[in-house]
Structures are given as C-alpha cells and as structure tokens.
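The next block holds one structure in the form of structure tokens; read it before the comments.
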Amino acid sequence: MRELQPRKEKVVALVGPTGSGKTALALKLAEAMPIEVIACDSRTVYKQMDIGTAKPTAEECAKARHHMIDLVNPDGKYTVSQFRQEAAGVMDGVIRRGHLPVVCGGTGFYARALLEGLEMPDVSPQSELRQELHELAESKGNDALWEKLKEVDPQTAEKLNVNDRFRVVRALEVFKVLGKPFSEAASRVDPPYDTIWIALNANDRANLYQRITDRFAEQVKLGMVEEVEALRTKWGDARALTSTVNYSEIMLYLKGEMTKEEALEKALRHNCQLARKQLIWFRSNEAIKWFAIDEDFNQMTENVVNYVKSRL
C-alpha cells in the first residue's frame with residue numbers, strides 16, 4: 001500500500017511584469033477572502049526606497065497586511081537565500097492565522113526559491129576573487145563584468161541587471177568555485193507548497209508599456225528624483241541605489257553624468273526592458289494561469305477570484 005503524502009498548504013503566487021497591476025489585484029483579492037501579502041520583490045526589501053520601487057503605500061498595507069518589505073537599509077545586502085528562509089517563516093504564521101498567503105511581486109528568482117523548492121549553491125565568499133572582479137568593474141565598467149558572466153552562464157546573465165554588480169559577482173564566484181554555471185548549480189527539492197500560480201500581462205504589449213509610462217510619470221510627480229537625492233545624501237553610492245532601475249539612472253543625473261531629461265528617459269526605457277525580462281522568466285512556468293490586463297479591471301478581478309476559489 002502506497003504511503004500517503006502529507007497535504008501541502010495552499011498558496012497563491014501573483015506574479016507578472018512591472019506595472020501590470022499586481023498590487024491592485026492583491027487588494028481586490030483581500031476584499032473577497034482573508035489573505036496576507038508576502039511581497040516578492042528584490043527592491044522593496046530596502047528601507048526608504050519607496051517611490052522608485054512603487055512600494056505598497058501605508059493606505060494599501062492597511063487594506064491587506066503586507067510582509068517582507070523594509071527589511072534592510074540601502075547599503076545592506078539581502079540575498080535570495082535570506083528571502084526564502086524569512087518568507088517561509090512568515091508564511092507559516094499566515095497559515096496558522098487561517099489566512100491565505102499571497103506571494104505578490106515580479107522577482108521570479110525569489111518566487112522560484114520560495115515556492116518551487118529551488119536550493120541555492122552553498123559557496124562561501126571568495127575574498128580575493130571578489131576583489132579582482134570589483135576591480136574589473138571599476139576599471140572597465142559593470143558591462144564588462146556582466147559580459148564575463150554571459151560568456152560562462154548566459155542564462156543567469158540574462159536574468160540579472162547589468163548594474164547589479166553584487167549578484168553578477170556572486171554568480172561568477174559560484175562558477176569559479178564549482179566549475180559550473182550558477183543556473184546549473186542551483187538544485188531542486190520537492191516544492192513545499194501547493195501553489196496556485198497567477199500572472200498578469202497585456203494581450204497588446206503597447207497597453208503594458210503605456211501603463212508603465214503612466215506609472216513612471218506619476219512616480220516623478222510624487223517626487224522620485226527628490227527621493228533619490230535624499231537617499232544619495234544619506235547613503236552615498238550604496239549598492240541598492242546604483243543597481244536598481246529608476247535609482248541608478250537618477251544617480252547618474254545627480255552626479256552630473258547626464259541631464260535630468262536623459263536620466264528619466266533612460267529609466268523609463270529600462271523599466272520596459274525589465275518588463276520584457278520578467279515576462280521571459282515567467283513564461284517558462286507552465287503552471288501559470290495568465291490573465292489579461294487589457295480587459296475591464298473589475299471583470300478580470302472577478303475571473304481571478306473565481307479561479308482561486310475553484311483551486312482552494
């Protein structure tokens with residue numbers, strides 16, 4: 001007689017590209033069922049980086065309890081392994097309270113590590129190698145470092161921002177120590193949850209880009225440039241500021257390396273590029289149920305709520 005496997009807890013994963021309306025949909029889910037939101041974003045973990053990351057506002061957090069935001073200062077480091085461990089503990093608490101965890105965000109690597117049983121390679125820091133790689137980036141630029149990673153691990157390079165030096169260095173470090181790409185070194189274990197995967201996208205890509213453009217304009221209006229200026233004054237060239245879309249471009253303006261208009265144009269372009277990369281990542285997950293943001297928002301919300309209820 002085959003031994004019965006213990007029932008896995010249900011979890012909703014609400015993912016998709018930047019600007020697709022994930023937070024708004026999560027708040028609608030909160031109106032229909034008792035949920036708590038676990039933010040799945042590698043940038044909203046940083047304190048004080050609010051406008052540029054489109055972090056949920058205090059008003060939005062009042063409508064649905066949010067976790068895994070404002071965890072470290074901009075000059076701190078936060079890894080996917082930390083996220084997996086801490087988020088899993090938070091989700092256990094949500095489940096004990098009788099609520100449904102909704103993992104909401106656009107960082108696919110975080111979502112995979114938490115929900116798909118992705119184990120990170122156990123490689124200790126290599127001080128000399130890190131120094132060598134940082135010196136390369138300082139002398140020839142972050143692009144040269146990223147190209148070095150692309151040569152040995154194109155799959156990981158494609159998923160990383162060129163300016164995210166910390167993660168590029170880490171991937172090269174893993175390759176050097178293990179002799180195989182980071183993308184191959186990451187192993188899989190049995191997924192810990194029964195995940196209901198939901199993703200948002202536009203049938204017409206122009207609609208998504210227009211939403212990104214409109215949100216970007218609102219971020220500028222809310223004081224995004226001033227936010228970056230205040231953060232730079234307090235934290236200097238902190239890694240999170242120099243490797244995050246919106247912040248890295250505005251930092252170049254504040255340093256006098258380009259005009260404000262050029263920086264904002266570049267930031268908007270990078271937002272659209274980020275959306276494309278996120279879509280490539282999530283399309284590889286065959287378990288995802290896609291919902292179109294082109295249609296009426298209320299109708300889409302009703303469809304999502306009905307789909308989630310049918311899977312619980």
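Throughout, read-outs are computed from the coordinates displayed, never taken from laboratory work. In this text the structure is predicted, and so the values were computed from the model without any measurement. We place every Cβ from the backbone using ideal geometry, glycine too, and count neighbours over all the protein chains shown.
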Cα gyration tensor category, rounded, prolate or oblate, for the range 127-185 with a/c compared to 1.5: oblate
Net charge of neighbours whose Cβ lies under 15 Å from the Cβ of Lys148, counting Lys and Arg as +1 and Asp and Glu as -1: -3
Under 5 Å, built H, 5+ apart or other chain: amide partners of Trp197: Ala13, Lys289
Helix-only [θ]222 nm of the chain, DSSP H runs n ≥ 4, -39500 (n - 2.57) each, per residue, nearest 500: -17000 deg cm²/dmol
Flagged links, alpha-carbon separation over 23 Å, of Lys22/Lys63; Lys159/Lys221; Lys63/Lys266; Lys221/Lys266: Lys159/Lys221; Lys63/Lys266
Spin-label pair Val305/Ala230, simplified geometry with 7 Å Cα→Cβ offset, distance in nm: 3.6
Using θ = phi - 60° and Karplus 6.51 cos²θ - 1.76 cosθ + 1.60, couplings along the range 286-291 (whole Hz; Gly, Pro as x): 6, 7, 6, 9, 8, 10
Unit charges on C-beta of K, R, D, E only; dipole of the chain, Debye: 620
Surrounding net charge for Lys10, when Lys and Arg each add one and Asp and Glu each subtract one, Cβ distance under 12 Å: +2
Residue (of Ala199, Pro34, Leu133) at the positive-pole extreme of the chain, dipole from beta-carbon charges: Pro34
Segment Gln273-Glu295, length gained on full extension (0.36 nm per residue, minus Cα span): 5.6 nm
Cα gyration tensor shape of the range 56-123, rounded if a/c is under 1.5, else prolate or oblate by comparing a/b with b/c: oblate
